[in-house]
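Chemist: The structure follows.
The values are calculated or read from the model by the stated rules, or taken from the named source; none is laboratory data. Computed from a predicted structure; not experimentally measured. Because the Cβ atoms are built from the backbone with ideal geometry, glycine has one as well, and the counts that use them run over all protein chains shown. Side chains included, ligands, DNA and RNA excluded: accessible areas come from the protein's heavy atoms. Shrake-Rupley method; radii C 1.70, N 1.55, O 1.52, S 1.80 Å.
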Amino acid sequence: MQRRELGTSGIQVSVVGLGCWPLGGGEGWGDIAENQAIATIHAALDHGVTFFDTAEGYNDGNSERVLGRALLGRREEAVIATKISPSNTEPATLRKHCDASLQRLQTDWIDLYQIHWPLPDERVPEALATLDDLQREGKIRSIGISNHGVAQMQTVLGEEVTIAANQLAYSLLFRAIEFEVMPLCRQHGISIIPYSPLEQGLLTGKFASPDQVPADRMRNRLFSSARPHVTHGESGQEEAVFDAIGRIREIAGQVDVPMADLALAWLLHRPAVATVLAGARRPAQIIQNAAAATIELTDDVLAALDAATAPLKEALGPNPDHYQSDSRYR
């Protein structure tokens, strides 16, 4: 498994990572047996996947608990990323919540500690100062952000703290960060960690039309506001989405690569991407995802994928908020 540096932190991460939210089970994910979740994490390690991303807010901390149990005896093999919720970033509270995450993860250090969503500008200095203190104390190795737009990044970059990574929604079907956020990340040596790389199954090719997509997977801006569970007010881009999926499917067939693997491999060819978070609930799924790290795409294939998805990229525009028209990213 290839490894890349996380920003300028010196921390090496596997280019395919495991998003651990589904492994905590519960609302939105359904029940999962703990032994199955642990087997999935062990399969990841056995196939070179060493980067594991979770958050205190996932499944009321259960994702962290499961990851901690799975890594007992194998902690040195793993790079752990977790996140602090914005409401818990007042200095004393942040320290308590960091300690709670360390306890659930059964570890003495967190490799990448991320602010899950942007803070009001006035709260940034004391939060980052506290994270800087935690880094000097050895409780965390590097500091990251998640879901931050350009203005929010500039506020964070105004503090004397090194930011290793920005975790963002990014896929062949959702390329909004390429307009403004990606260039700023590249300028400052900040790695990008894409989440939702397969768009909740759309890029596996198993859905031939919007009406085949389960309602709970249609909450984002790709779909019409007339769909259930949608919170934005846009008309969506359903025709463009499935036109792009059809063209991606054709390209995958031409190069004889599973469509999902092609989508993950494309992300690994994008600037500033350090590791791609692929979700999995079973060992076979993470083993399949790991295979994407071995795929080299030619310039012709990359150009074809760009052409296939450029109309959708332009239609959706530069708003990097996956779910809301009134963007939470600034």
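Chemist: Using a Förster radius of 22 Å, what is the FRET efficiency between PHE179 and GLU239 based on their Cβ-Cβ separation? Nearest 0.05, please.
Modeler: About 0.50, to the nearest 0.05.
Chemist: How many angstrom lie between the Cα centre of segment 147-199 and the Cα centre of segment 1-29?
Modeler: What the calculation gives is 16 Å, centre to centre.
Chemist: Another question about this same structure. Leaving ligands and nucleic acids out of the surface, order LYS206, LYS96, LYS83 by accessible area at 1.4 Å, largest first.
Modeler: LYS96, LYS206, LYS83
Chemist: I would also like to ask the following. Summarise the accessible area of the chain (1.4 Å probe, protein heavy atoms) by the percent that is carbon and sulfur.
Modeler: Carbon and sulfur atoms account for 47 percent of the accessible area of the chain.
Chemist: For the full complex of protein chains and a 1.4 angstrom probe, list TYR323, TYR329 by accessible area with the highest value first.
Modeler: Accessible-area ranking of TYR323, TYR329, largest first: TYR323, TYR329.
Chemist: Over its Cα atoms, what ratio of radius of gyration to 2.2 N^0.38 Å does segment 1-113 give?
Modeler: This ratio for segment 1-113 stands at 1.04.
Chemist: Taking loop as defined by DSSP and a crowding limit of 10 other beta carbons within 10 Å, which GluC sites (Glu not before Pro) in segment 1-77 fit?
Modeler: GLU27
Chemist: For segment 1-100, what does the accessible surface come to per residue with a 1.4 Å probe? Please give it in Å².
Modeler: Ligands and nucleic acids excluded, the result is 39 Å² per residue.
Chemist: Mind listing which GluC sites (Glu not before Pro) in segment 212-309 are in a DSSP loop and have 12 or fewer other Cβ atoms within 10 Å?
Modeler: Those satisfying the criteria are GLU296.
Chemist: Now, a different point. To the nearest 0.05, how large is the calculated FRET efficiency for SER209 and GLU160 if R₀ is 56 Å and r is the Cβ-Cβ distance?
Modeler: Step by step, r from the Cβ atoms, then E = 0.60.
Chemist: Moving on to the next point. Could you calculate, for the chain, the ratio of the Cα radius of gyration to the Kirkwood radius, expressed as Rg to Rh?
Modeler: 0.94
Chemist: Need the full-extension length gain, ARG282 to SER87, defined as separation in residues times 0.36 nm minus the C-alpha distance. One decimal, nm.
Modeler: In short, 66.9 nm is gained.
Chemist: Taking R0 as 30 Å, what's the FRET efficiency between ASP31 and ARG74 from their Cβ-Cβ distance, rounded to 0.05?
Modeler: 0.75
Chemist: Still on this structure: Might you tell me the accessible area per residue for segment 270-330, computed with a 1.4 Å probe and given in Å²?
Modeler: 44 Å²
Chemist: Sticking to Cα atoms, compute the Rg of segment 163-306 to one decimal and its Dmax as the biggest Cα-Cα distance, whole number, in Å.
Modeler: 15.3, 42
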